[in-house]
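Here's the structure we're looking at; comments come further down.
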Amino acid sequence: MDFNYSRQNLNRPEHILERALEILPGALSWSILIGAVVTSIVWPLTAAVFTIAFILYWIFRLVYMNIFLVLSYALLFVDRSTDWMERIAVIDRREIGFKSPLLARPDGTLAEKISQSVYLRQLRDLKKSGALPPQSESLYHLVIIPAIKEGSDIVEPGIRSILAGRYPARRIFILLALEDRAAAPVKADMAALQKKYINGFADFWVVTHPGNLPGEAAVKGANTSYAARQARRYFDERRIPYANVIVSCFDADTVPNPDYFSCLTYHFMITPERTRRSYQPIPVYHNNIWNAPGFARIIDIGTSFFLLVESTNPSKLVTFSSHSMSFQALVDIGYWPVDMISDDSAIFWKAFIHYDGDYQTVPLNTTVSMDIVEGQDRWQTFVHIYKQKRRWAWGVENVPIVLRAFLRAEKISWRQKIAYGYKLVDSFVSWATWSFLLALLSWLPGVFAGKEFASTTVFYIAPRVSGTILSLSTIGIFICMAVSLLMLPPRRRENNFWANLRHGSEWLFIPAIVILLSAIPALDAQTRLMFGRYMEFWVTDKFRGKGKGESAKD
Amino acid sequence: MLTITPRTMVLTRRTIFFVFLSLYVILCPLLILTTFGYIINPIKQEVTQTGLIFLSSLPSGADIYLEKSHYRNRSPANLSGLLPGTYKITLKKKGYKPWVQSISVAAGKAATFNQIILIPKVWPAQRLAAGPFSKMEPLAGTNYILLAEHPFLGQYCVFDWKNKLLAPLLPARSRFADWPVSEIFSEQSSPVVIFQSASFWKNKYLYVDLGQTPFRILEITRLIKEKPTAWCWNSLYPKKLLLSTRDAAGLLDVETGAAEVKWLTGLKGCGSQGKWLYILDGRDDVYRESFDGAHREFLFPKPRWEGRSAAAANPERITWIANDIFLFSTVSGSLTTNVPPYVLLDGGLAGFRYDHKTERLLFWTKKDIGFAELTRRVRLKTERAVSSKIFKVHKVWDQGQAITDCFWAAGGTHLVFQDHSAIYLLEFVPTGKPRTEKITEVKAASSIFYTEEGKAIYFLNPKDGALTALSLIPE
């Protein structure tokens, strides 16, 4: 479907619809919160009943998420030592059959056996589809790294990691997408990086995005789209088919796992509809995790958990942060939006709408590591994280555009529209409201209880029932603690029981952290959208305190 | 071997989702019904709605007996799942008398017994100041209690009950020491006390500010030309005193010595709250004036009921309750208000206290104790009431003989009152008559004082006149 994925340049009816849909998420969130308070005051009996129903629902949802968190982590664990290059070679050799000696491995750990069985199934599905991939030798990777304030201390580790990865760097193009308004030292740093690493990759160039191009906002998407257009010219000149290029859009601080590109290449090759897929790794925030304060650590581990859980539902997985996709698809859909902050998720929706619903995200069982936002002190760190989370929550700007597109899309089935639309709206509304509901509902009706309510059994039994159900959530928190401890990178020092206990106990502050650094930023973003106060892009400050992994703060 | 492909994952998700959904659909209504008290009656094998009894005691940790069975939990406790009916509940704790009550339980309802005060077998009392004292004058709303053996100023001591300090009122060899005290005037929450000393020739007046160290003592006799019928000041303007006489009210500034004799004329009654002076004038209009005289605001005409109003000869005391609700009390013993039912007591008023937290007014005569609580009502256009609230009056006790003082205790669940020379504890029960228990004897013709802080009663020991404290909840 040909659809202008933007809130700009709309005719009047479309603009009215856009505004109405922009108000929708915030209105829903505020209605829920205000309604909860009002109900607690005016109809405490109803509020008490609703509290029980909501808390029970929340517990079921928590258990549901925990199950898939553990499952997803297990898959990540299972594939951590997978030799992706070997699997790529099998596909290149077209050994997609049962008799390949590579596949006959009666020994091996349980993890290996699971990984092998999945692999076998994938090969069979590929063969069945008939959509065999090009040879890996003809595939290229384009890595776009946007930068504006970040110096080489931030950008270089990612480049080094790509170079040192298992996938041949000779098949990787590095494109540093620099903003023209970047400071001279940053420009100098980027030029130095190009000079240093140009011989290690297929090519390495720096593209400077001019400022104030018509129709563009000061957003990352404008920068990366400009860079991608330059790359397209480059590929055209060298007659490299777009379908053979996999583009990865990273953040300046992204450090991919050494097997990222081999894992990505494998999944690209194994997926029959490879040019109609995005590829989403699990983001982790390990670059400076031991330097960051505990509350910052917890909130970003939570983000990783969110993606871990989401990756178990690939049919509804939306891209987030650093991810990859087919360059062909990127060109087809017109690159990233140049006037939206949430380009990472917008690109998925843009593709989904363009291809009439025939677009999905493939989860990758590998990680990319980024920085936890830090400040000079704890308060600054808190403020920076708040702003970052608000920027992430600004992904709600996709809601009105997607819903408008759904109303026009004739080829997307109603089932898909309802399923995706509901999930999209529900994810933002629950993001902004659940923590408040859990914090308020359990005690609010009791506070405003009049004599009449206070003389009912509900007044006494409801808090007990709610408390019992909520206490079950400690199991969920323990599961999160355990998974987080398993996922954390090794400390340079202090890897003992007490250090682990200290880290685990940080999870006990989750109720407060989630409200302050997740729910409130989400509500903030939705409220801004409601009132048409569109957010300008604020590039999160990234600096490394004392270098990666050195002298943990705690 | 189970293969975990995207399709398998989707199938797994759907399966778990539907299992959870089914569990939720089953559990949620069950939990809600449980919250409303529904159970399966084991005898009749049908669904029945139960009620519960909530008990909390002071001190906590009492053993609970439901009929003859020992309940598993100690107080505070919820006895839930009770079929509608009447149950005998007994609370027992070592060192305390058993508390026994028959409680009716209705379906879906909770019978609440909050802060049941367990009566010790022996009330432990603490001597705070050896007397002998014969007079005790607590200053309401402050930390201070005035004590004296004989009614001469030099005999008076000030006891700070919060800090447990006793100090003489006057410095040594004060010239006021031999003044006989005929009357003491004080205001709620103000550390200022006015002593009136009556003599054959004329009355003398002493102003004492107990809030200062050392106490600020000023003779203000020369400022007072005529014996006042009422005094008024408040803690915000402790140095400005309003004295009302027969037909006027004068404003004294103790600091400067200025006295405006006819500051207000035609005054029938007054009271103060915050920076405002509330005045009932000769036309029965209620208005307020700031102490500095800068603002005056008409509030409302005093309601008339059945053609009656307070006699002009009786000065009225105006007590501010809430935003627009006032009490009018007279020396003759009537207690009226400007919201329905207007007349709370027609005569015999011995005292009253208003609790802002619970919005309840406690008032008593020699024989009776009652309380009135503010509730909302639908306001009728024809009514002159300025508020949407009314007082709902309840009679609590009618077997008194010479009730002199009464206090809300234990968060309003009990009353402590003095009848003659004894102190009693009255416990409110949801149904039936309140329970009373005699706590101790006090010195004849002396006052008592109760504070929620520490739930302590202060009184004079009948034997030796020592100032004694007794906690309702002994440690």
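The values are calculated or read from the model by the stated rules, or taken from the named source; none is laboratory data. From a predicted model like this one, the values you see are computed outputs, not experimental measurements. A quick note on method: Cβ atoms are made from the backbone with ideal geometry, for glycine too, and the neighbour counts reach across all protein chains shown.
Considering only the stretch B:146-157, how many residues are in a loop (DSSP other than H, G, I, E, B) and either within 18 Å of B:Gln212 (Cα to Cα) or charged (D, E, K, R) (or both)?
2
Determine if the stretch B:91-99 includes at least one residue that is exposed (fewer than 13 other Cβ atoms within 10 Å of the Cβ) and at pLDDT 90 or above. Can you show your working first?
To start, the set of residues in the stretch B:91-99 that are exposed (fewer than 13 other Cβ atoms within 10 Å of the Cβ) comprises B:94-95.
Next, only the ones that are at pLDDT 90 or above stay: B:94-95.
The answer is yes, given that some residue of the stretch B:91-99 is exposed (fewer than 13 other Cβ atoms within 10 Å of the Cβ) and at pLDDT 90 or above.
Which numbered condition in (1) within 14 Å of chain B (Cβ to nearest Cβ); (2) under 18 Å from A:Arg277 (Cα atoms) is the only one that A:Tyr140 fails?
(1)
Quick one: which residue in A:Asp343, A:Asp358 is of a type outside the set (A, V, I, L, M, F, W, C), assigned by TED's automatic domain parsing to the domain that holds A:Tyr285 and more than 30 Å from A:Glu150 (Cβ to Cβ)?
Selected residue: A:Asp358, the only one of A:Asp343, A:Asp358 that is of a type outside the set (A, V, I, L, M, F, W, C), assigned by TED's automatic domain parsing to the domain that holds A:Tyr285 and more than 30 Å from A:Glu150 (Cβ to Cβ).
Determine which member of the set A:Tyr279, A:Tyr285 is touching a residue at least 24 places away in the same chain (Cβ under 8 Å) and more than 28 Å from A:Val383 (Cβ to Cβ).
On the way: A:Tyr285 fails: more than 28 Å from A:Val383 (Cβ to Cβ).
Of A:Tyr279, A:Tyr285, the one residue that is touching a residue at least 24 places away in the same chain (Cβ under 8 Å) and more than 28 Å from A:Val383 (Cβ to Cβ) is A:Tyr279.
Pick out the one residue from A:Ser321, A:Ser345, A:Ser315 that is part of a loop (DSSP other than H, G, I, E, B) and of a type in the set (Ser, Thr, Tyr).
Result: A:Ser321 is the single residue among A:Ser321, A:Ser345, A:Ser315 that is part of a loop (DSSP other than H, G, I, E, B) and of a type in the set (Ser, Thr, Tyr).
Would you mind telling me which numbered condition in (1) touching a strand residue (DSSP E or B) at 6+ places or on another chain (Cβ under 8 Å); (2) not in a strand (DSSP E or B) B:Gly465 fails?
Of (1) touching a strand residue (DSSP E or B) at 6+ places or on another chain (Cβ under 8 Å); (2) not in a strand (DSSP E or B), only one is false for B:Gly465: (1).
Of all strands (runs of 3 or more DSSP E) completely enclosed by the stretch B:158-250, which ones contain at least 1 residues that are more than 30 Å from B:Asp355 (Cβ to Cβ) and over 31 Å from the mean Cα position of the chain (by Cα)? Before the answer, list the steps.
On the way: elements: B:165-168, B:183-186, B:192-198, B:203-209, B:216-219, B:230-234, B:237-244.
The qualifying strands (runs of 3 or more DSSP E) are B:192-198, B:203-209, B:216-219.
For the stretch A:354-374, which positions are in a loop (DSSP other than H, G, I, E, B) and touching a helix residue (DSSP H, G or I) at 6+ places or on another chain (Cβ under 9 Å)?
A:Tyr355, A:Gly357, A:Asp358, A:Tyr359, A:Met370, A:Asp371, A:Ile372, A:Val373, A:Glu374
From the list B:Thr245, B:Thr213, B:Thr256, pick out the single residue that is out of contact with any strand residue (DSSP E or B) (no Cβ under 8 Å at 6 or more places or on another chain), of a type outside the set (Lys, Arg) and buried (at least 17 other Cβ atoms within 10 Å of the Cβ). Don't jump to the end; show me each part of the working.
Working: B:Thr213 fails: buried (at least 17 other Cβ atoms within 10 Å of the Cβ); B:Thr256 fails: buried (at least 17 other Cβ atoms within 10 Å of the Cβ).
Within the list B:Thr245, B:Thr213, B:Thr256, the selection yields B:Thr245.
Right, B:Gly61: within 30 Å of B:Ile117 (Cβ to Cβ), touching a strand residue (DSSP E or B) at 6+ places or on another chain (Cβ under 9 Å) and within 11 Å of another protein chain (Cβ to nearest Cβ) or not?
No; evaluated as a whole, the condition is false for this residue.
What are the residue pairs meeting all of these: first residue in the stretch B:336-348, first residue closer than 19 Å to B:Asp368 by Cα, second residue of a type in the set (S, T, N, Q) and at pLDDT below 85, Cβ atoms under 7 Å, and 6 or more apart or on different chains?
Here the result reads B:Gly347/B:Ser332, each pair linking the stretch B:336-348 to a residue that is of a type in the set (S, T, N, Q) and at pLDDT below 85.
Has the stretch B:421-430 got any residue that is under 16 Å from B:Leu362 (Cα atoms), of a type outside the set (A, V, I, L, M) and free of Cβ contacts under 8 Å to residues at least 60 places away in the same chain?
Yes; the residues of the stretch B:421-430 include at least one that is under 16 Å from B:Leu362 (Cα atoms), of a type outside the set (A, V, I, L, M) and free of Cβ contacts under 8 Å to residues at least 60 places away in the same chain.
I'm told A:Leu307 meets every condition in (1) over 16 Å from A:Tyr355 (Cα atoms); (2) in contact (Cβ under 8 Å) with a residue 40 or more places away in the chain; (3) touching a Leu at 6+ places or on another chain (Cβ under 9 Å) except one. Can you identify the failing condition by its number?
The number of the failed condition is (2).
Can you name the residue in the stretch A:41-71 that is without any contact (Cβ under 8 Å) to a residue 12 or more places away in the chain and in a helix (DSSP H, G or I) and, of all such residues, is farthest from the other protein chains (Cβ to nearest Cβ)?
My answer is A:Val42.
Could you figure out which of (1) surrounded by fewer than 22 Cβ atoms within 10 Å (Cβ to Cβ); (2) touching a Cys at 6+ places or on another chain (Cβ under 7 Å) isn't true of A:Pro258?
(2)
I'd like the residue in the stretch B:31-43 that is over 15 Å from A:Arg464 (Cα atoms) and of a type in the set (A, V, I, L, M, F, W, C) and, out of all such residues, is surrounded by the most Cβ atoms within 10 Å (Cβ to Cβ).
In this case the residue turns out to be B:Ile39.
Considering only the stretch B:251-283, state which residues are in contact with a helix residue (DSSP H, G or I) (Cβ under 9 Å, 6 or more places away or on another chain) and assigned to a strand (DSSP E or B).
Within the stretch B:251-283, B:Leu252, B:Asp253, B:Ala258, B:Ala259 meet the criteria.
Looking at A:Ala104, A:Ala53, which is the one that is modelled with pLDDT under 90, among the small types (Gly, Ala, Ser) and over 30 Å from A:Asp356 (Cα atoms)?
Checking each option against the conditions leaves just A:Ala104.
Quick one: would you say B:Thr8 is more than 7 Å from every other protein chain (Cβ to nearest Cβ) and either of a type in the set (A, V, I, L, M, F, W, C) or in contact (Cβ under 8 Å) with a residue 12 or more places away in the chain (or both)? Step through it out loud before you land on a result.
Numbers: more than 7 Å from every other protein chain (Cβ to nearest Cβ): yes; either of a type in the set (A, V, I, L, M, F, W, C) or in contact (Cβ under 8 Å) with a residue 12 or more places away in the chain (or both): no.
So B:Thr8 does not fit the description; no.
Just name the residue that is nearest to the other protein chains (Cβ to nearest Cβ) out of those in the stretch A:75-90 that are of a type in the set (A, V, I, L, M, F, W, C), buried (at least 18 other Cβ atoms within 10 Å of the Cβ) and within 22 Å of A:Ser304 (Cβ to Cβ).
A:Leu75
What is the one condition in (1) in contact (Cβ under 8 Å) with a residue 24 or more places away in the chain; (2) within 14 Å of chain A (Cβ to nearest Cβ) that B:Lys97 does not satisfy?
Condition not satisfied by B:Lys97: (2).
Can you name every one of the helices (runs of 4 or more DSSP H) wholly within the stretch A:406-463 that holds 1 or more residues which are crowded, with 20+ Cβ neighbours inside 10 Å and either more than 14 Å from chain B (Cβ to nearest Cβ) or modelled with pLDDT of 90 or more (or both)?
Values: elements: A:414-441, A:444-447, A:451-454.
It comes to A:414-441, A:444-447.
Just a yes or no: is a residue in the stretch A:477-490 away from chain B (no Cβ under 14 Å), surrounded by 12 or more Cβ atoms within 10 Å (Cβ to Cβ), at pLDDT below 85 and not in a helix (DSSP H, G or I)?
yes
Conditions first: (1) within 35 Å of the chain's Cα centre (by Cα); (2) free of Cβ contacts under 8 Å to residues at least 60 places away in the same chain; (3) over 30 Å from B:Glu452 (Cα atoms). B:Gly61 passes all but one, so which condition is the exception?
The one condition B:Gly61 does not meet is (3).
Here are some residues: B:Ala130, B:Ala110, B:Ala106. Which one is modelled with pLDDT under 90 and more than 17 Å from B:Ile439 (Cα to Cα)?
Of B:Ala130, B:Ala110, B:Ala106, the one residue that is modelled with pLDDT under 90 and more than 17 Å from B:Ile439 (Cα to Cα) is B:Ala130.
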